[in-house]
Every structure is written in C-alpha cells, then in structure tokens.
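Let me begin by presenting the structure, written as structure tokens, before commenting on it.
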Amino acid sequence: MSAFAELWSSLKSVRGAGLVDAQALRSFSIFSDLSRQQAEKLNDHLHERRFQAGEVIFDRGQNGHALYLIRAGDVSVQYWDGKTDQEVARLATGDFFGEVALLCDEVGRTAKVVALTECRCLALFRESLNHISIRDPALGVLVYRDISSALAQRLSNITKSIDGEVKVVGAPAT
Amino acid sequence: MPQQLELARPQQDSLKLWFLAGFTALIFSVFFLTPALRPSSLLAIVNVLILSIPVQFMERKGISRVWASLLLLTLGGLFVGVCVTMGASGFGAQWNTLSAQIPQIQAGLAKKAEAFRDQLSLLLGVSIPINVEAQILVALSILQKKTFAAAPEFASAFLGALFFAPIFTFFLLKDSRSLKKLVIQLLPNRYFESFMVIGTRAGATLFMYLQAKLLEALVVGAMVFVGLSIIGAPYAFLFGLIAGVTNVLPYIGPVLGAIPALVIIGVNRDSSHLLGLSSLVFVGANIIDAIYIFPVFVARWVNLSPLTLLASVAVGQVVYGVIGMLIAVPIAACIKIIFQETVRTLYNERVE
C-alpha cells in the first residue's frame, strides 16, 4: 500500500465505529468470565492497531507498556538464540501476547513478535489497567486474575517442556 | 515480501507524522493567533477535563454522547447560574458598600501617608516638600482611568468566554473521541505505545493539577473568609473570594490576594490590631496552604520539585503573561513525562 493510500485509509477508519462490542470481547478466552457491563468498561480502554504482514509488532528489549489481544490474523513469537531469531510459537485470533510488559514496569519486551498476516490487535495498557483497578477494583482484580492465570499456564507449559514431559509448548510469556 | 513491507514503512510513517504535526500546528496557531479566543479555549479545555468522566458514564447507560454533553452543559450552566446569583447578592452588597467608601479610603490612605511623611521628616531632621494627598489622588485617578480604559476589553473577553466556552466545550466533548482516534490512527505503530503512555500520563497530570488547584483555591478562600469573619473584619466574603481566585496563580497569587484587603482594612479602620489580625489570617491561610495543601495535593500530584515549579512559573510569566503562569506548571509536568519516557526508551535501546 502506498504511503498516501495508507494515510487515507487511516483517516477513513476514524469514521468507523469503535472497537469490538462487549460480546466479542468476551469471546477472548482470557476475558470469557467478564460480565457484559465489565466487558463494556474494559472495552473503553482498548485501542485497535493494524499491522501488515511482516511488520514487527515489537522487538526484544523495547520498552513495553501494553498487552495485545489478536482480533484477527496470525503472529509469530520469536526468541533470540544468540545468532538468529527462532520462532517458538504462533498465535492466532483470540490469543494474546505482551503480558509481561503489562505486569512488570521495569522489564522490557522479552521476545520479538512479528505479524505473519495482516493483523488487527487490541492493545490494553498498564496505565489503563491501573486506572480500572482504582475506579472499579472488582473488575481490576478479575482482569489481573485472568492474565495471571494465563501467564501461570504458560509458565507451567515451559516448566513441563524443560522437564522433558512435553516437546511442544504453548505460547511462551512475552 | 515481509522484508519489502518493513522497508516501505519509514516513508508511510513519516507521511503520517508530517500530517499529524501539520494538524497539531494548525490547532495551536489558531489558539495563539486569536487572543480573543484564548480564555474561551482554556475554559473549554477545563470543562472537558471535568465533564468527560460523567459523559462516559452516561454513554454506558445508553445515552448518546451528543445528548449527554448537552444535558451536562445545561445542568452545569444552571449550577453556575445559581451559584453566581447567590454569590452575586452577597458580593454585590459588599461591592456597593466598598464603592461608596472609596472617597473615605482615599482620604484615609492620604492621612496615613502624610503621617508617615511627617514622622520621616522628624527622623531625618529635614522637611519633605511633597503634597502626599495630592500625589495619592493623582495616582488613584490614573489607576481609575486605566481600570476604566481596560474595563471594555475585560468585559468583552468575559462575555466572549461566556458565549464561546460552552460552544467549544460541547464540540470538544462531542468530538474528543474522534479527535483522539484520529491522532491514534495517524501514529505509526512503532511510536504508538510511547505516545499513548505519554498522552495518558500527561492527561492524568493535567486532570489532577486542575482538581488540586480548584481544591486549593476553595480551601484558601474559605479559610480567609472564616478567619476575617471571626475577627470582625469588613468585606470578609469579598476578600475571601479575591484570595481564592488569585490563589490560582502560583507564588504571587497569595500576595496579590492579600494586598487589597490589607490596604482597605488598614486605611478604613483606626484600630491597628485589626490590621495585624487580618495579616495573621492571610499569613496563616497561606502557611497552611504552603505546608499542607500545596505539597500534598499539587506538588505531589504533578511530581515536580519546588525549584522546577518556581522556574516554570517564571518562564511562563515571561513568555505568556498571566495565562502563561496559569499553564506553566501543567506544561512543565508534561515536559517531564515526555523527557522521562524518551530517556527510558533510549536507555533501554542502548542496553539491548
């Protein structure tokens, strides 16, 4: 897409409706237990981004502030093995990545994430989550619990992988 | 293919950034090149910061953004109208009494000054050939003329703000989300996170600063009003109001707020202990403000050192006068946030 065409597309997309509706937000596995009202509140704090195939969404070591939910498309999670970037997981619609930066202020991005196809992602920022936790502690606790559970599941997968119990792990923490 | 796309991005990103910079420059140039619109614009921004949360709440209850904005503006207008009407009756009565006493105040001021001249003559052993009363009358008449000359400009600015501020507020409230979306859409992906963090923190700082200053003005105004009422000083409500309003200006505000009260009380009453007590009320209110209210509610929320606060207010005054002093602190806080985030990004990139 030419630079002017992309600029025009960005301007046109402003007129489109907001992000996802509450029902669609609850279709993400980590937020499936939110009520409709809670999903609506959370929805106010999400920002949609579009990435083109091959675009680096974020790189290892970068300052990170947000978690991304994949609304559409596929991404590749890559780790640096000292020589090249090795793909360790592929994530698709409904998955999420970038949770480490959401939870830890001082830790930069731990992996590189690249869009494999044209992607639409929803970004949830740490600042927004802090804001939600102050304004609506019940929702804040629920969101933190959901993200922590998913993170614990990923950690458990990695532990099993190290122990040699499973060869293919799920998505690593990003 | 992916490699080609990555190579193509800088061109697309810079076009978006140029468009965004042009758009921002256009908005700022309208603000800076039309002085008549500045008070209305500032007032509208303050209104939007206050009303955006209830508008969001009403939207969640199913009311459209347009209707929510209209409803809140109408309710806000009614509330301000009632407050002004109630305050105006007290203010008006005290203002009329004060206006009627202006000749007495002038005479009192001249008497005090002449007494001071005589004492000084005695002390120095020489006569000072100055007609103090005439000099004071000339000075006051110049001040009066200047005030009258500035009155139409002030009245037009005030009426303009009264008319334009609600209109600006309505359109900003209605379209703020689209504007925000436009800016976010135009941000290249690689700057998206940093910009959002800076924007969110700067917005929160502005909101907290505004809250803190309003609270500070209210508390200082109330303390002066209660203190002056207790000691039996005249025009307690009027002087409390002046102290509250001028307190919005950092550092010189409290002094400006105290001067008219102390001059009028000093020349209007023979009893010097009332002047002493009134001074104590102002000093006490400002000490409480300086020790408790300002550090706890303002400095901590904007997270700036006292030296930075002082320097930013001084620079604001030099660059943009009274409005510069008002907006200097939040702007300094935003610059600090931008600086911190930029340093953090550069440092992290270098470490990696």
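Could you please find all residues in segment B:175-203 being within 20 Å of A:H131 (Cα to Cα), more than 8 Å from every other protein chain (Cβ to nearest Cβ) and not basic (K, R)?
B:S176, B:F195, B:I198, B:G199, B:A202, B:G203
State yes or no: is B:V343 of a type in the set (A, V, I, L, M), surrounded by 15 or more Cβ atoms within 10 Å (Cβ to Cβ) and farther than 22 Å from B:Q211 by Cα?
no
Filter segment A:51-63 for residues that are charged (D, E, K, R) and facing chain B (nearest Cβ under 8 Å) and give the result. Write out each step before concluding.
Kept after step one, since they are charged (D, E, K, R), are these residues of segment A:51-63: A:55, A:59-60.
Those that are charged (D, E, K, R) and facing chain B (nearest Cβ under 8 Å): A:E55, A:R60.
Given the conditions (1) touching a residue at least 24 places away in the same chain (Cβ under 8 Å); (2) closer than 21 Å to A:R145 by Cβ; (3) surrounded by fewer than 16 Cβ atoms within 10 Å (Cβ to Cβ), and given that A:S35 satisfies all but one, which numbered condition is not satisfied?
Just one mismatch for A:S35, condition (1).
Of the residues B:Q106, B:Q144, B:Q211, which single one is modelled with pLDDT under 75, among the polar types (S, T, N, Q) and surrounded by 15 or more Cβ atoms within 10 Å (Cβ to Cβ)?
Matching residue, one of B:Q106, B:Q144, B:Q211: B:Q106.
Looking only at segment B:92-129, count every residue that is within 35 Å of the chain's Cα centre (by Cα) and not in a helix (DSSP H, G or I) and tell me the total. Break it down stepwise before answering.
Step one: filter segment B:92-129 for residues within 35 Å of the chain's Cα centre (by Cα), giving B:92-110, B:112-113.
Cutting the leftovers down to not in a helix (DSSP H, G or I) gives us B:101.
The qualifying residues number 1.
Any idea which of (1) more than 11 Å from chain A (Cβ to nearest Cβ); (2) closer than 30 Å to B:R190 by Cα; (3) modelled with pLDDT under 85 is the one B:G22 doesn't satisfy?
The failed condition is (3).
For segment A:107-125, name all the residues that are among the charged types (D, E, K, R) and either modelled with pLDDT under 90 or in a strand (DSSP E or B) (or both).
Scanning segment A:107-125 gives A:R109, A:K112, A:R120.
Those residues that are surrounded by fewer than 23 Cβ atoms within 10 Å (Cβ to Cβ) and over 15 Å from A:I147 (Cβ atoms), I need them from segment A:115-126; list them, please.
Of everything in segment A:115-126, those that are surrounded by fewer than 23 Cβ atoms within 10 Å (Cβ to Cβ) and over 15 Å from A:I147 (Cβ atoms) turn out to be A:L116, A:T117, A:E118, A:R120.
What's the total number of residues in segment B:302-341 that are within 14 Å of another protein chain (Cβ to nearest Cβ) and in contact (Cβ under 8 Å) with a residue 40 or more places away in the chain?
3
Restricting the search to segment B:312-327, which residues are among the hydrophobic types (A, V, I, L, M, F, W, C) and at pLDDT below 85?
If the condition is that a residue be among the hydrophobic types (A, V, I, L, M, F, W, C) and at pLDDT below 85, then B:V313, B:A314, B:V318, B:V319, B:V322, B:I323, B:M325, B:L326, B:I327 are the ones that fit.
Which pairs turn up if I take residues in segment B:154-176 that are part of a helix (DSSP H, G or I) and look for partners that are surrounded by fewer than 14 Cβ atoms within 10 Å (Cβ to Cβ) with beta carbon separation below 6 Å, at least 6 apart in sequence or on another chain?
These pairs meet every condition: B:G160/B:A36; B:K174/B:V66.
Go through A:R60, A:R50 for me and flag whichever is in a strand (DSSP E or B) and basic (K, R).
After applying the criteria, what remains is A:R50.
How about segment A:63-106: which of its residues are assigned to a loop (DSSP other than H, G, I, E, B) and without any contact (Cβ under 8 Å) to a residue 24 or more places away in the chain? Step through it out loud before you land on a result.
From segment A:63-106, those assigned to a loop (DSSP other than H, G, I, E, B) are A:63-65, A:73-74, A:81-84, A:92-95, A:98, A:104-106; that's our starting set.
Result: A:D81, A:G82, A:K83, A:T84, A:A92, A:T93, A:C104, A:D105, A:E106.
The values are calculated or read from the model by the stated rules, or taken from the named source; none is laboratory data. Just so you know, these numbers come straight off a predicted model, no measurement behind them. Ideal geometry is used to build each Cβ from the backbone, glycine not excepted, and the neighbour counts take in all protein chains shown.
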